[in-house]
Amino acid sequence: MSTAITHIGELVTWEQDRPVRHDAGMVVEDGRVAWLGASADTPAADDVIDVDGRAVIPGFVDSHTHLVFAGDRAEEFAARMAGQRYEAGGIRTTVAATRAATEAELDQLARHRLAELRAQGTTTVEIKSGYGLDAATEERLLRVASGLTAETTYLGAHVVPQGWDADDYVALVTGEMLERCAPLAKWVDVFCETGAFDADRARTVLEAGIAAGLQARVHANQLGFGPGVQLACEVGAAAADHCTYLTDADVTSLADAGVVAGLLPGVEFSTRHPYPDARRLLDAGVTISIATDCNPGTSYTSSMPFCIALAVREMGLTPTEALHAATAGGAASLRRTDVGHLGLGARADLALLDAPSHLHLAYRPGVPLVTRVVTSSGAPRLADS
């Protein structure tokens, strides 16, 4: 089955020699991009979609989310807006609600949030555990997540549960909990931060996960300067996410190690922490991604377009750089080469905008510009409707 998409006013492909095409056409066959060229030259196909001058972009790759949880922390958000500072301990509120929910309830809640992401153009999503903090619940969260995406992350080391000794909890995270969760996960993550895990304990968690066959990611340098970024570079992590507080040495290490700096502007919006300087990172040769960090405490948004607009307004990116970070950058964060772009052979994961250009994503913040989302047949639970 082949589909031709014609009269594309602007087609963002991220091809090296021609990242953006105008008055373009494309052909999708068996879920992959099979042809690109001028609209007038589009070959015949089984089906034709005429987009009448609108823009087509790669589907967003949201490389950092916490979609599986129960409960609500709106009052915490209101308190922060009134001046209360965010601290890592608020996670425990969500843990209590999540433990009390059934697996069916958690699945329903996560699917609803996933539908929100998809409606706004996200076609690939990473989902973490981390709101269980005991072996049975963490396994349950990953079982739900693995029914929604192939990009699942074991985050048993989110915070130390109340009443636990930190070393005893790390022993659980690297022992029984890891044994139960590793078969359901692709990634291992740790919150390396004051109030969560120090560098030594975080390293122990990551090394155990890597030994179990998982790839590493790190929550790093969100609340202040700390060792998280350097640890991510040391263990060869795919990404160091947050990167709000960076020294010059951190920036150099990210560039030298090829670790993606994951920027999560919804967090700074919700916590009033300063926004990372994305321009500083790009100028140093660091690959960046933009993700929603959709979670109940610090960034309860499912909108990648909103995060793109924030990155342009507050982080020093151009609209084109922000879109690249939200697509190709997210793919790099997940070590994927088949998504985040629309070059020949890529998955046909794309979003149609009710606009002539991708510039409108930042130019018209808050406007629902994504009018259609198409995904390849192999994208888990994100098939085109």
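Couple of notes before you dig in:
Rundown of residues vs (1) modelled with pLDDT of 95 or more; (2) open to solvent by 40 Å² or more (accessible area, probe 1.4 Å), yes/no style:
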| residue | (1), (2) |
| --- | --- |
| GLY132 | yes, no |
| VAL170 | yes, no |
| PRO183 | yes, yes |
| GLY195 | no, yes |
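- Residue list for the stretch 255-281, restricted to those being closer than 12 Å to GLU314 by Cα and in a helix (DSSP H, G or I): PRO265, GLY266, GLU268, PHE269, ALA278, ARG279
- Each residue in the stretch 317-342 was checked for being open to solvent by 10 Å² or more (accessible area, probe 1.4 Å), more than 18 Å from ASP241 (Cα to Cα) and assigned to a loop (DSSP other than H, G, I, E, B), and 4 of them qualify.
- The strands (runs of 3 or more DSSP E) located wholly in the stretch 1-101 that include 1 or more residues which are touching a residue at least 40 places away in the same chain (Cβ under 8 Å), open to solvent by less than 10 Å² (accessible area, probe 1.4 Å) and over 27 Å from SER289 (Cβ atoms) occupy 2-12.
- TYR154, sole failed condition from (1) in contact (Cβ under 8 Å) with a residue 12 or more places away in the chain; (2) among the aromatic types (Phe, Trp, Tyr); (3) assigned to a loop (DSSP other than H, G, I, E, B): (3)
- Looking at ALA220, ALA255, ALA202, ALA238, just one residue is among the small types (Gly, Ala, Ser), over 20 Å from THR271 (Cα atoms), free of Cβ contacts under 8 Å to residues at least 60 places away in the same chain and in contact with a helix residue (DSSP H, G or I) (Cβ under 7 Å, 6 or more places away or on another chain), and that residue is ALA202.
- Across the stretch 1-23, the number of residues qualifying as in contact with a helix residue (DSSP H, G or I) (Cβ under 6 Å, 6 or more places away or on another chain) and either of a type in the set (A, V, I, L, M, F, W, C) or on the phi > 0 side of the Ramachandran plot (or both) comes to 3.
- Condition met for VAL286 (of a type in the set (Val, Ile, Thr), in contact with a strand residue (DSSP E or B) (Cβ under 6 Å, 6 or more places away or on another chain) and part of a loop (DSSP other than H, G, I, E, B)): yes
The values are calculated or read from the model by the stated rules, or taken from the named source; none is laboratory data. Only a predicted model underlies this, so the values are computations on that prediction, with no experimental measurement involved. Heads up, the Cβs are rebuilt from the backbone with ideal geometry, glycines too, and the neighbour counts pull from every protein chain shown. When the accessible area is computed, the model is the full protein with side chains, heavy atoms only, and any ligands, DNA or RNA have been set aside. Shrake-Rupley method; radii C 1.70, N 1.55, O 1.52, S 1.80 Å.
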